[in-house]
Amino acid sequence: MAYFEAKGITKFFGGLAAVNGVSFKVEQGQIYGLIGPNGSGKTTIFNLINGFYPLTKGEIHFEGKQISGLKTHQICRLGIGRTFQVVKPLKRMTVLDNVIASAFLHAGRKHEALKLAEETIEFCGLTAYRDKPAKSLPIASRKRLEITRAVATKPKLLLLDETAAGLNPSELEEAIALIKKISASGITIIIVEHIMRVIMTISERILAINHGMVIAEGYPSEIASNEEVITAYLGEDYSAQS
């Protein structure tokens, strides 16, 4: 049985199928990419995985257990953490206090939460901002804080939602390095990303979706040359010329 598996997951909003019969498997230790045009259903899939939205149909399994139907905090406690596309730190609190808040998911006492938060801040490269209010951080560091807060929940599987968006080239390299570091620590990753350089560099396998349905799944080299993927991203005219 796969470490993580989505089986025919479907989500309707009224008469609109935002996600329609999507199935995929992720093995333990993988970095698994999820791509598609804007509005294709990527973030909705994340919201289904972590219980933010209930499934209309289908099942989600993690470590051999069905998790669809559980509440978000129960899924997080089982070991699935996530970041959000629009970062919303606790702005008036320091970076340290932001991370402590996440660390309390597993830490029973304040000194335990503090220790875990400090270790996670150092691991994620935010030590220089430790005592600064979150609202004072530049965008790249806010995104790093979002990842740090998620890592402080001690996930086994981490869902990363467009963590590289809006970064300059040097910040992009740092983001890639951090994602690889998190993966090397033993955390399985599913990543949604529009920047192809990021997704093709770090993903072991990639799922491409459009209009809420799977159009391709495979190794990065296979996805990069897939005609349906090229058409979905760049249009039929471009595909016909290539």
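The values are calculated or read from the model by the stated rules, or taken from the named source; none is laboratory data. Quantities reported herein were computed from a predicted structural model and do not represent experimental measurements. Neighbour counts are summed over all protein chains in view; Cβ atoms, including those assigned to glycine, are modelled from backbone coordinates with ideal geometry.
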Matching entry among 63, 27 (being among the acidic types (Asp, Glu) and either closer than 18 Å to residue 205 by Cα or in contact with an Asp or Glu (Cβ under 9 Å, 6 or more places away or on another chain) (or both)) = 27
Test each condition in (1) part of a helix (DSSP H, G or I); (2) at pLDDT 95 or above for residue 155 and report the one that comes out false.
-> (1)
Considering residues of region 47-87 that are surrounded by fewer than 16 Cβ atoms within 10 Å (Cβ to Cβ) and among the charged types (D, E, K, R) only, the residue farthest from residue 2 (Cα to Cα) | 71
Specify the residue that is farthest from residue 188 (Cα to Cα); the eligible residues are those in region 88-118 that are hydrophobic (A, V, I, L, M, F, W, C) and buried (at least 22 other Cβ atoms within 10 Å of the Cβ).
-> 95
What about residue 28, is it without any contact (Cβ under 8 Å) to a residue 40 or more places away in the chain and over 14 Å from the mean Cα position of the chain (by Cα)?
-> no
Could you tell me which of the residues 99, 87 is part of a loop (DSSP other than H, G, I, E, B) and under 18 Å from residue 178 (Cα atoms)?
-> 87
Apart from one, (1) farther than 23 Å from residue 50 by Cβ; (2) touching an Asp or Glu at 6+ places or on another chain (Cβ under 8 Å); (3) of a type in the set (A, V, I, L, M) all hold for residue 87; the odd one out is (1)
Selection count, region 73-109, where residues are more than 19 Å from the chain's Cα centre (by Cα) and of a type in the set (Lys, Arg) | 3
Among the residues of region 119-139, how many are of a type in the set (A, V, I, L, M) and surrounded by fewer than 18 Cβ atoms within 10 Å (Cβ to Cβ)?
-> 2
Which one of these is in contact with a His (Cβ under 9 Å, 6 or more places away or on another chain) and closer than 30 Å to residue 97 by Cβ: 174, 162, 193, 146?
-> 162
Considering every residue within region 211-220, establish whether at least one is within 15 Å of the chain's Cα centre (by Cα) and either over 27 Å from residue 47 (Cβ atoms) or surrounded by fewer than 17 Cβ atoms within 10 Å (Cβ to Cβ) (or both).
-> no
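Yes/no matrix, rows are residues, columns are (1) surrounded by fewer than 17 Cβ atoms within 10 Å (Cβ to Cβ); (2) in contact (Cβ under 8 Å) with a residue 40 or more places away in the chain; (3) aromatic (Phe, Trp, Tyr):
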| position | (1), (2), (3) |
| --- | --- |
| 142 | no, yes, no |
| 145 | no, yes, no |
| 155 | no, yes, no |
| 161 | no, yes, no |
| 175 | no, no, no |
| 181 | yes, yes, no |
